[in-house]
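This report concerns only the one structure given below.
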Number of protein chains: 2
Amino acid sequence: MDRLVHPDLKDVSLAAALHALADPVRLEIIARLVECPCLNASAACGQSTPKSTISNHLNVLRAAGLVETKVEGRERINRLRCMDFDARFPGLLAAVLANKG
Amino acid sequence: MDRLVHPDLKDVSLAAALHALADPVRLEIIARLVECPCLNASAACGQSTPKSTISNHLNVLRAAGLVETKVEGRERINRLRCMDFDARFPGLLAAVLANKG
């Protein structure tokens, strides 16, 4: 199992955070995690999405400090790092989610 | 001279808008256009940036509905489409600029 890297938000640039948000699938993952705070990868992304695709998207979200993934038993459970992200980029995630439609 | 395309904001997706914002050079162009609303390409991006690079970044910003470029005499003058963009994505540009630092 690959190592799960969760950066300190101070090391995440605004451009990197925006890049992580700039994808419809990743926006959908974030919206699902807002609705339901603890999801495994399939539930976060939808059953029809290939596992490698989900994994790549979650890697990008983790690298931007948006998602925390913990191994719980045989599953990886994903959560939004709302408070950390909002402390680093105040109001940004709220503005993005308000415009997701 | 290539054709300057300015999309209707209703045709710009949130992911496309975020992608346009997700670059440090483009963020700098936007910040300069906030400070000084009418700039030619060199002034928008800095004298040291290659012209082709500036042109590519301005193309991305135009395609996302963030920048309007008009030919005035022998120059192309760039302006932010603040009102159009904010009508389509309320609060998004303000949240990004507030976090640019």
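For chain A, what is the accessible area per residue in Å² when the probe is 1.4 Å? Numbers along the way, then the final one.
Working: 5280 Å² over 101 residues.
That works out to 52 Å² per residue.
What's the longest bit of chain A with no exposed trypsin sites (Lys or Arg not before Pro), using DSSP loop states and at most 11 other Cβ atoms within 10 Å as the test? If you can, show how the numbers build up before the last one.
Details: sites that count: A:ARG3, A:ARG74.
Here the longest segment lacking exposed loop sites spans A:4-73.
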remark   = Partner shielding of B:9-17, taken as the mean number of other chain Cβ atoms within 10 Å, equals 3
ask   = When we measure straight from the Cα of A:LYS51, which lysines land under 22 angstrom away, once same-chain ones fewer than 8 places off are left out?
value = A:LYS70
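Protein chains only, probe 1.4 Å: how do A:HIS57, A:HIS6 rank by accessible area, largest first?
Working: A:HIS57 25, A:HIS6 70 Å².
Result of the area sort, largest leading: A:HIS6, A:HIS57.
Based only on the alpha carbon positions, what is the Kirkwood hydrodynamic radius of the protein assembly as shown, in angstrom? Before the final figure, lay out the partial values.
Working: mean 1/r = 0.0555 Å⁻¹.
So the Kirkwood estimate lands at 18.0 Å.
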request  = Would you rank B:ASP11, B:ASP23, A:ASP8 by solvent-accessible area, highest first, keeping every protein chain in place and using a 1.4 Å probe?
outcome  = B:ASP11, A:ASP8, B:ASP23
request  = Give the share of C-alpha pairs in each 5 angstrom bin for chain A, from 0 to the last occupied bin, in whole percents, shortest bins first.
outcome  = 2, 13, 26, 27, 19, 9, 3, 0
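In the protein assembly as shown, carbon and sulfur make up what percent of the accessible area (probe 1.4 Å)?
54 percent
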request  = Would you mind giving the total buried accessible surface between chains B and A, with a 1.4 Å probe and ligands, DNA and RNA left out, rounded to the nearest 100 Å²?
outcome  = 1300 Å²
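The values are calculated or read from the model by the stated rules, or taken from the named source; none is laboratory data. The structure presented is a predicted model; accordingly, all values stated were derived computationally and were not measured. Here the Cβ is made from the backbone with ideal geometry for all residues, glycine too, and neighbour counts use every protein chain on show. Side chains are part of the model used for accessible areas, which takes the heavy atoms of the whole protein and leaves out ligands, DNA and RNA. Shrake-Rupley method; radii C 1.70, N 1.55, O 1.52, S 1.80 Å.
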